[in-house]
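**Q** The following block contains the structure, expressed as structure tokens.
The values are calculated or read from the model by the stated rules, or taken from the named source; none is laboratory data. Treat the numbers as computed from the prediction; the structure is a model and nothing was measured. Cβ atoms come from the backbone with ideal geometry, glycine included; neighbour counts cover every protein chain shown. Only protein heavy atoms, including side chains, enter the accessible area calculation; ligands, DNA and RNA are left aside. Shrake-Rupley method; radii C 1.70, N 1.55, O 1.52, S 1.80 Å.
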Amino acid sequence: MLDLALCDDEAEQLDIVGRLLRDYVQARPELAIRLSVFSSGRDLLAAEEEGARFDICVLDVVMPELSGIELGIELRERGSASAIIYLTIYPEYAVDSYAAKAFYYLVKPPEPERLYQVLDQAVAAMEKRRTACITVKMRNSLRLVRFDQILYAERADRTIRYHLANGEQLDSVTVRGSFQEEISPLLADPRFLLCGASFVANLFYVIAVDKSSLRLDGGAHVPLSRGSAAQARQRWQDFWLAGPGRTGR
């Protein structure tokens, strides 16, 4: 089951885009998509507070009280990793959409074929995000950890320490290989950046690149090797400009 949310304050646009999304859902019954429609960002956030979790959010940008950009940022601050697709008649808002880590940006009225292509990409990205995992062998157990749960990992003495988005830390058993060998599944995924010899960070959670470190959601800092800040900043920008769904997220 995939949960899809539509939010637009204009009744006419809500009806037009809503019909397009319902046609998409009906044309792909194998995906088992559930559509929820909201006329304000506050209503969508209220649904999240009551336990709803949306895999894909189609949001209007210009809305009163809470804009689509502000809504997207609020969702991210609440820990949502949903694929956000923005719709608006104002192309100049495209740059602003990156603040909310948007999956895609479409100008209204969306062409049905193009909208459906973007939705297909978003669905594929969410399915991949759900299944991409690394196995962490700990002292008394094995743990499957989804890539999207990992903020960063580091070499700590002779173990690998995984820092998760929920604040949890996992320490592997003693490793005999190199750090890069142990985290090779992460390095094969474009969302992860090797930071020097002992750290790897998830670009999805990076909020700023400083001269000597990456700043991540929640306040964590991951050190960068000397002289690598410019390259790290470029990787981070390329990740979002290419679209996280199209780079393996």
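**Q** In a solvent-free Debye calculation with one equal scatterer on each Cα, what is log10 I(q)/I(0) for the stretch 149-249 at q = 0.15, 0.17, 0.21 Å⁻¹, listed in the order of the q values?
**A** After summing over all Cα pairs, the log10 values are -0.57, -0.74, -1.12.
**Q** Got a sec? What order do Thr159, Thr135 fall in by accessible area at 1.4 Å, biggest, i.e. largest, first?
**A** From most exposed to least exposed: Thr135, Thr159.
**Q** Which is the longest part of the chain that has none of the GluC sites (Glu not before Pro) sitting in a DSSP loop with at most 14 other Cβ atoms within 10 Å?
**A** 66-167
**Q** In debye, nearest 20: dipole of the stretch 129-249 around its Cα centre with unit charges on the Cβ of K, R (+) and D, E (-)?
**A** Here the stretch 129-249 has a charge dipole of around 140 debye.
**Q** Which Rg and Dmax, in Å, describe the Cα atoms of the chain?
**A** Computed over the Cα atoms of the chain, radius of gyration and Dmax are 19.3, 62 Å.
**Q** Let's see if you can work this out: charge +1 on each Lys and Arg Cβ, -1 on each Asp and Glu Cβ, no other charges. What is the dipole magnitude of the stretch 1-92 about its Cα centre, in debye to the nearest 20? It would help to have the intermediate numbers written out before the result.
**A** Working: 8 positive and 19 negative charges, 85 e Å.
Roughly 400 debye for the stretch 1-92.
**Q** Now, a different point. Just need log10 I(q)/I(0) for the stretch 1-115 at q = 0.10, 0.14, 0.22 Å⁻¹, Debye formula, equal scatterers on the alpha-carbon atoms, no solvent, rounded to two decimals.
**A** -0.25, -0.51, -1.34
**Q** Here is a follow-up. Comparing Gln121, Gln26, Gln237, which has the greatest mean-square fluctuation in the GNM of the chain with Cα pairs linked when under 10 Å apart?
**A** Gln26
**Q** Can you give the accessible area per residue of the chain, in Å², using a 1.4 Å probe?
**A** 49 Å²
**Q** When the accessible area of the stretch 121-249 is split by element with a 1.4 Å probe, what percent falls to carbon and sulfur? Write down the numbers at each step before the final one.
**A** On the way: 3120 of 6580 Å².
With neighbouring chains kept in place, the figure for the stretch 121-249 is 47 percent.
**Q** Computing the accessible area with a 1.4 Å probe over protein heavy atoms, can you report the carbon and sulfur percentage for the stretch 1-94?
**A** Of the solvent-accessible surface of the stretch 1-94, carbon and sulfur hold 48 percent.
**Q** Still on this structure, please answer the following. When a/c is below 1.5 the answer is rounded, else prolate if a/b is larger than b/c, else oblate, so apply that to the stretch 102-207 with a ≥ b ≥ c taken from the square roots of the Cα gyration tensor eigenvalues. Don't jump to the answer; show the numbers that get you there.
**A** On the way: a/c = 2.97, a/b = 2.43, b/c = 1.22.
The shape class here is prolate.
**Q** Give the cross-link partners of Lys128 among the aspartates and glutamates, using a straight C-alpha distance below 16 Å as the criterion and excluding same-chain residues fewer than 8 apart.
**A** Within reach: Asp3, Asp55, Asp120, Asp148, Asp189.
**Q** Considering all alpha-carbon pairs of the stretch 99-148, what whole percent are spaced by more than 18 angstrom?
**A** Values: 654 of 1225 pairs.
Beyond 18 Å sits 53 percent of the P(r) for the stretch 99-148.
**Q** Follow-up. Please give me, ordered by residue number, the trypsin sites (Lys or Arg not before Pro) of the stretch 83-162 that lie in loop per DSSP and have at most 16 other Cβ atoms within 10 Å. Write out the running numbers ahead of the final one.
**A** Values: sites: Lys101, Arg114, Lys128, Arg129, Arg130, Lys137, Arg139, Arg143, Arg146, Arg155, Arg158, Arg161; in loops: Lys101, Arg139, Arg158.
The qualifying sites are Arg139, Arg158.
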